[in-house]
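K.L.:
Take this structure first; my questions come after.
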Amino acid sequence: MPTAAIDFTQYPDEHGHFGPYGGIFAPETLMAPLEELAEAYARVKNDPAFQAELDADLADYVGRPSPLYLAKRLTEELGGAKIYLKREDLNHTGAHKVNNTIGQALLAKRLGKTRIIAETGAGQHGVASATVAARLGLECVVYMGADDVVRQAPNVARMKMLGATVVPVTSGTRTLKDALNEAMRDWVTNVDNTFYIIGTVAGPHPYPMIVRDFQAVIGREARRQCLEKEGRLPDALVACVGGGSNAIGLFYPFLGDESVKLYGGEAGGLGLETGQHAAPVCAGRPGVLHGNRTYLMEDENGQIIGTHSISAGLDYPGVGPEHAWLKDTGRANYVAITDDEALEGFRMLTRSEGIIPALESSHAIAYAMKLAPTMDKDAIIIVNLSGRGDKDMNTIARIEGFEF
Amino acid sequence: MSRIASRFAELRAVNRAALIPYITAGDPHPDQTVGLMHHLVAQGADLLELGVPFSDPMADGPVIQRAIERALAHQVSMHDVLAMVRAFRQTDPTTPVLLMGYLNPIEIFGYEAFAREAAASGVDGVLTVDMPPEETAGYNEALQAAGLDRIFLVSPTTPARRVKVIAQKGSGFVYYVSLKGVTGAKTLDVADVEQHLATLRSQIELPLGVGFGIHDAVSAAQVARIADAVVVGSALVHLIETHMNDPEVMRQALGGLVAEMRAAMNQARRQGG
């Protein structure tokens, strides 16, 4: 399909569809609240007062704009395209997640909700939700897979200190997808006073659109910063993709710029051929989970299967429906990066630039390491450095064989 | 007329509310499901609701979640569930069977292939929890073409505008979810349900069933006075879980609760209401 024929800014349609993907596959009790959310969002989207409040919070609380940093030594090491890093790791709370929680918390306030719930995998979205809840004086409950509670103990401690209740989820595979199920169950039960802050571009409409719009600040800034520094648009964008919120945030403002190639790095885990991965776009098939139609990791009977990634934040069997659409239309390319490659990326950035990336973001670095040498020296790549690696020190220490 | 519609017509003629027990197919073991289905009918069930196991049952409470996990431990698939219905139909050609579950196992089957095979296996209706009427393009047509009823949920939060759409797209009966919550919640506000049903009656011609929160003979009788059907799930599944290591005790416990509910519902109707 020629992508020039598609105006990507027109998606989703009013029912939340990105081509055949997305939609609202939700239990009946949630249909009215989802509609209420869509209406509330439509009102604030063009409300200057709301946007001003959001912009002020992003500037003074989050610390935006985040820098677009030319990684000189990394560029020299790789000997190809110039690599810029979009420094989302410098945001308050250490990742891009807060761009979205700030926005959704303001929406919750507008809707008069007093209680916030969230799901989390690595804990970054949970921390970002607990943070905004603390700031607005809202009750906050975070659902987290019981296995992830153990893997990501430092973030659990942060959430608790911020006053959130962390509920370990012991059903299913005890990871992110099960936390999402449990958050949905909570929402169905407490829908009158509760706002569900979904952390990625998944879930039923309008969530994929709302989260994308709040994260698109990444791409808008990057586009402007690149034009300022280089006088032209980049040639390629690279981001890691779990649910895909940091990737869509970077990609979205560039979707109409056909010369800009888009690359999403999924979690290849131990390798696609082993089945031990979390790369639904590369190796899955379309299905319906968590309220939307998208690419999924599933068996031949439609049961969702367990995933594996070194990074808890990418350990999810689905992907945002807009990514499924970008894949099918050919507008974006998706590649699988293995655990080992991600670790190489982690070491490379840490040693060459003095920046310790999150293991999620290390997947993007690893793909840039493959891509840059194939491009001219005057070509430009922007890599979304979606988060910092402090939370991963336990995992890294174990792998590298040292103790604190 | 579908088997479900006929059954509701027969019951109306004798002033009875339908009793619809739910069990999860394959719980506690796939070999036991068909026997349990016959047993529920013998003890007074008018229709059967058979849960199709899915790995991510986001609308179910802990009791049914665990039932689904027990079934999935035996890899119970949609094909297996249809085989169970086929086996049930060999000796029971009349009791309507309704499948309840989530969309993805149907999606991967393909709507038309699923509808064809389900109908051929003796299934009468399908309730897909995460399939609202707005997304049913292709799905509803396929089920309709195969002669399967499309059961949709209405909840306390459903606005009148959507009730109209559900009334148009649904068939067989409409399932009113009695509370905001997941399956297995224990609070049932009968007065509130009665008020909602009165409003729904003016908008929906199909029979109205009520589920969620009905857990004993008393609550079943209360709902039987005001609704056309009473759905009971978690209370039965809880008995299965409690007695799963002793199949005979389990059968007695399940049959006992269903028979009690049946008797209390009939009596409630006889006393008028």
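K.L.:
If a residue has to be assigned to a helix (DSSP H, G or I) and of a type outside the set (Asp, Glu) to count, how many in the range B:75-92 make the cut?
P.N.:
So the count comes out to 11.
K.L.:
For the range A:240-261, check the following and say yes or no: at least one residue is in a helix (DSSP H, G or I), in contact with a Ser or Thr (Cβ under 8 Å, 6 or more places away or on another chain), within 18 Å of residue A:207 (Cα to Cα) and touching a residue at least 40 places away in the same chain (Cβ under 8 Å).
P.N.:
Yes, the range A:240-261 contains at least one residue that is in a helix (DSSP H, G or I), in contact with a Ser or Thr (Cβ under 8 Å, 6 or more places away or on another chain), within 18 Å of residue A:207 (Cα to Cα) and touching a residue at least 40 places away in the same chain (Cβ under 8 Å).
K.L.:
Of all residues in the range A:173-190 being of a type in the set (A, V, I, L, M) and open to solvent by less than 10 Å² (accessible area, probe 1.4 Å), which is nearest to the other protein chains (Cβ to nearest Cβ)?
P.N.:
A:184
K.L.:
Kindly evaluate residue B:269 against the criterion of being surrounded by 16 or more Cβ atoms within 10 Å (Cβ to Cβ), over 28 Å from residue B:66 (Cα atoms) and either modelled with pLDDT of 95 or more or basic (Lys, Arg) (or both).
P.N.:
When the stated conditions are applied, residue B:269 passes them.
K.L.:
Which of (1) more than 15 Å from the chain's Cα centre (by Cα); (2) at negative phi does residue B:129 not meet, given it meets every other one?
P.N.:
(1)
K.L.:
Out of the range A:93-134, which residues are of a type in the set (D, E, K, R) and part of a helix (DSSP H, G or I)?
P.N.:
A:97, A:109, A:110, listed by residue number.
K.L.:
Take residue B:251 and tell me if it is open to solvent by less than 40 Å² (accessible area, probe 1.4 Å), modelled with pLDDT of 95 or more and assigned to a helix (DSSP H, G or I).
P.N.:
No, not satisfied.
K.L.:
Residue A:80: open to solvent by 20 Å² or more (accessible area, probe 1.4 Å), modelled with pLDDT of 95 or more and among the small types (Gly, Ala, Ser), yes or no?
P.N.:
When the stated conditions are applied, residue A:80 does not pass them.
K.L.:
Further question: Go through the range B:107-130 and report how many residues are more than 15 Å from residue B:172 (Cβ to Cβ), in contact (Cβ under 8 Å) with a residue 24 or more places away in the chain and within 10 Å of chain A (Cβ to nearest Cβ).
P.N.:
Residues meeting the conditions: 3.
K.L.:
Scan the range B:61-76 for residues that are facing chain A (nearest Cβ under 8 Å) and surrounded by 19 or more Cβ atoms within 10 Å (Cβ to Cβ) and report the count.
P.N.:
Selection size over the range B:61-76: 3.
K.L.:
Please work out which residue is surrounded by the most Cβ atoms within 10 Å (Cβ to Cβ), limiting yourself to the range B:19-39 and to residues that are within 13 Å of the chain's Cα centre (by Cα) and aliphatic (A, V, I, L, M).
P.N.:
The selected residue is B:25.
K.L.:
Related question: Only one of these is within 27 Å of residue A:32 (Cβ to Cβ) and free of Cβ contacts under 8 Å to residues at least 24 places away in the same chain: A:120, A:165, A:114, A:189. Name it.
P.N.:
Selected residue: A:189, the only one of A:120, A:165, A:114, A:189 that is within 27 Å of residue A:32 (Cβ to Cβ) and free of Cβ contacts under 8 Å to residues at least 24 places away in the same chain.
K.L.:
For the range A:313-341, how many residues are among the β-branched types (Val, Ile, Thr) and open to solvent by less than 10 Å² (accessible area, probe 1.4 Å)?
P.N.:
3
K.L.:
I would also like to ask the following. Taking residue B:46 as meeting all but one of (1) within 18 Å of residue B:172 (Cβ to Cβ); (2) buried (at least 24 other Cβ atoms within 10 Å of the Cβ), write down the number of the exception.
P.N.:
(2)
Yes/no matrix, rows are residues, columns are (1) closer than 17 Å to residue B:125 by Cα; (2) at the interface with chain A (Cβ under 8 Å from one of its Cβ atoms):
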{"position": "B:44", "(1), (2)": "no, no"}
{"position": "B:48", "(1), (2)": "yes, no"}
{"position": "B:52", "(1), (2)": "yes, no"}
{"position": "B:78", "(1), (2)": "yes, yes"}
{"position": "B:83", "(1), (2)": "yes, no"}
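K.L.:
For the range B:154-199, which residues satisfy the criterion of being of a type in the set (Val, Ile, Thr), within 14 Å of chain A (Cβ to nearest Cβ) and part of a helix (DSSP H, G or I)?
P.N.:
Matches in the range B:154-199: B:163, B:165, B:166.
K.L.:
Related question: Being basic (Lys, Arg) and either part of a helix (DSSP H, G or I) or closer than 25 Å to residue A:93 by Cα (or both) is the filter here, so list the residues in the range A:350-380 that pass it.
P.N.:
Across the range A:350-380, the qualifying residues are A:351, A:370.
K.L.:
In the range A:271-315, which residues are in contact with a strand residue (DSSP E or B) (Cβ under 7 Å, 6 or more places away or on another chain), in a loop (DSSP other than H, G, I, E, B), more than 11 Å from every other protein chain (Cβ to nearest Cβ) and of a type in the set (A, V, I, L, M)?
P.N.:
Within the range A:271-315, A:279 is the sole residue that qualifies.
K.L.:
Quick one: in the range B:129-148, of everything that is open to solvent by 10 Å² or more (accessible area, probe 1.4 Å) and either among the basic types (Lys, Arg) or outside any helix (DSSP H, G or I) (or both), which residue is modelled with the lowest pLDDT?
P.N.:
B:137
K.L.:
Taking the options A:120, A:165, A:170, name whichever one is closer than 30 Å to residue A:55 by Cα and surrounded by fewer than 24 Cβ atoms within 10 Å (Cβ to Cβ).
P.N.:
When all the criteria are applied, what remains is A:165.
K.L.:
Within the range B:169-182, which residues are within 17 Å of residue A:31 (Cα to Cα) and among the polar types (S, T, N, Q)?
P.N.:
B:178
K.L.:
Do we find that residue A:383 is out of contact with any Ser or Thr (no Cβ under 6 Å at 6 or more places or on another chain), aliphatic (A, V, I, L, M), surrounded by fewer than 24 Cβ atoms within 10 Å (Cβ to Cβ) and part of a strand (DSSP E or B) in this structure?
P.N.:
Here the answer is no, as residue A:383 does not meet what is asked.
K.L.:
Checking the conditions here, which among A:61, A:69 is outside any helix (DSSP H, G or I), more than 19 Å from the chain's Cα centre (by Cα), more than 30 Å from residue B:161 (Cβ to Cβ) and at pLDDT 95 or above?
P.N.:
Being outside any helix (DSSP H, G or I), more than 19 Å from the chain's Cα centre (by Cα), more than 30 Å from residue B:161 (Cβ to Cβ) and at pLDDT 95 or above holds for just one of A:61, A:69, which is A:69.
K.L.:
Next question. Restricting to the range B:174-210, and then to whatever is touching a Ser or Thr at 6+ places or on another chain (Cβ under 7 Å) and in contact (Cβ under 8 Å) with a residue 40 or more places away in the chain, can you tell me which residue is most open to solvent (accessible area, probe 1.4 Å)?
P.N.:
Per the stated criteria, the residue is B:184.
K.L.:
Please go through the range A:166-214 and pick out each residue that is among the acidic types (Asp, Glu) and within 17 Å of residue B:54 (Cβ to Cβ).
P.N.:
Passing the criteria: A:178, A:182.
K.L.:
Still on this model: When you check residue B:14 against the structure, is it more than 14 Å from chain A (Cβ to nearest Cβ), of a type outside the set (Phe, Trp, Tyr) and open to solvent by 40 Å² or more (accessible area, probe 1.4 Å), yes or no?
P.N.:
yes
The values are calculated or read from the model by the stated rules, or taken from the named source; none is laboratory data. The structure displayed is predicted, hence computed values, not measured ones. Ideal geometry is used to build each Cβ from the backbone, glycine not excepted, and the neighbour counts take in all protein chains shown. Note: areas computed on protein heavy atoms with side chains; ligands, DNA, RNA excluded. Shrake-Rupley method; radii C 1.70, N 1.55, O 1.52, S 1.80 Å.
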